[in-house]
Amino acid sequence: MILSNRLHRRHALATAAALAAAWVLPTAQAQTAWPSRPLKIIVGFPGGSSPDLMARALAEPLSQALGQPVVVDNRPGAGGNIAAGLVARATDDHTIGLMINGNMTIAKILNPATTYDPLTDLAPVSLLAVSPLVLTVPASATATGAGFFDAARAAGDRWNYGTPGVGTVAHLGMELLKSRAGMAPVHVPYQGNPQVIAAMLGGQIQMALLPPGLALAQVRGGTLRAIGVTSRGRSSVAPELPSLAELGVRDMQLEIWNAVAAPNSLPKAHVNRLATLLTEIVRRPEVRQTILNQGWQVAGTSPEGLAQRVRADTAAMADVITRNHIRP
């Protein structure tokens, strides 16, 4: 009889434990399931811009992988910094941002009034794609290749270069190139790259760093000439062009890039999951080709890989900003 009672109690306890486990497990899963509602990608540029096109290329496959809708929310202004500030301050665990280099590196250094600090308020997720700039000159330029830099050094400040504005990557990149190549052209800012191209065609400026999507159309049309690209080596975006390093410009590496960042408050597990999914998505052949057609070379990195790039680019560009006293 005693044995029977003991067996009965053990059975009752086992049944209770099983029922408790059956209740706790779904509850815990419900608490940890993420995302539990639509994920928002904030883009700091208007529809049709490079960051917008990239976000939209990723939204559908990311939605399929996550099992939740992924919504692209355009919030243009201040070179993407308004949107980056919204991402930095988001507390819903369902907001991320697709950003350009400046938003994640030098925003606060270039303008201390920026409402967020990219190094402390943003969590790097993944570097999606990179692209060099193209050092471009008028088609009438007689000096090309390495000889271009000899001519530029000889011209001193009699030559000008154009950019779409103070503090843009084209401006900072050219100041970096000037220090690496020992030349001294004078900066002339314009409203945008179309005006830069017009000024080159009109002979007002002698050079500019342009995105491949703009530069290569002009070069292939015979209206401009390309000297080389600013990446460390040749780029799949324009494999026919030499890197500036090949032409003798030492320690010259400059790329524009698109990356995904999250609020620093997003749990690390979610950041890692996003990074893994995004890396897999951008490396799919069809997505890779779409991104290449947009003028970008696929990267796809871990959060630490992007963090390392952020630190390196911040240090290089901060030096340019400080040394040249650049303010927007």
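Taking the fewest neighbouring Cβ atoms within 10 Å as the starting point, the ordered list for 280, 255 is 280, 255. Where does the charge balance sit around residue 263 when Lys and Arg score +1, Asp and Glu -1, over other residues with C-beta under 10 Å from its C-beta? Every neighbour counted, the sum reads -2. Largest mean-square fluctuation among 128, 306, 266, in a Gaussian network model of the chain whose springs join Cα atoms under 10 Å apart, belongs to 266. Largest GNM mean-square fluctuation across 152, 217, 238, computed for the chain with C-alpha springs under 10 Å, falls on 217. Each stretch of four or more DSSP H residues adds -39500 (n - 2.57); spread over every residue of the chain, this sum gives -15000 deg cm²/dmol at 222 nm. Exposure proxy shown here: for 99, 104, the number of other Cβ atoms within 10 Å sets the order, fewest to most, as 104, 99. Each of 186, 87, 282 has some number of other Cβ atoms within 10 Å of its Cβ, and from fewest to most they run 186, 282, 87. Amide H to amide H distances under 5 Å link residue 167 with 172, where only residues 5 or more positions off or on other chains count and H is placed in the peptide plane. Note on the chain: GNM, Cα springs under 10 Å; of 231, 36, 302, the largest mean-square fluctuation is that of 36.
Since every read-out is calculated from the coordinates, none of them should be taken as a lab result. Since this is a predicted model, take the numbers as computed values, not measurements. When we count neighbours, we look across all protein chains shown, and the Cβ atoms used for this are built from the backbone with ideal geometry, even at glycine.
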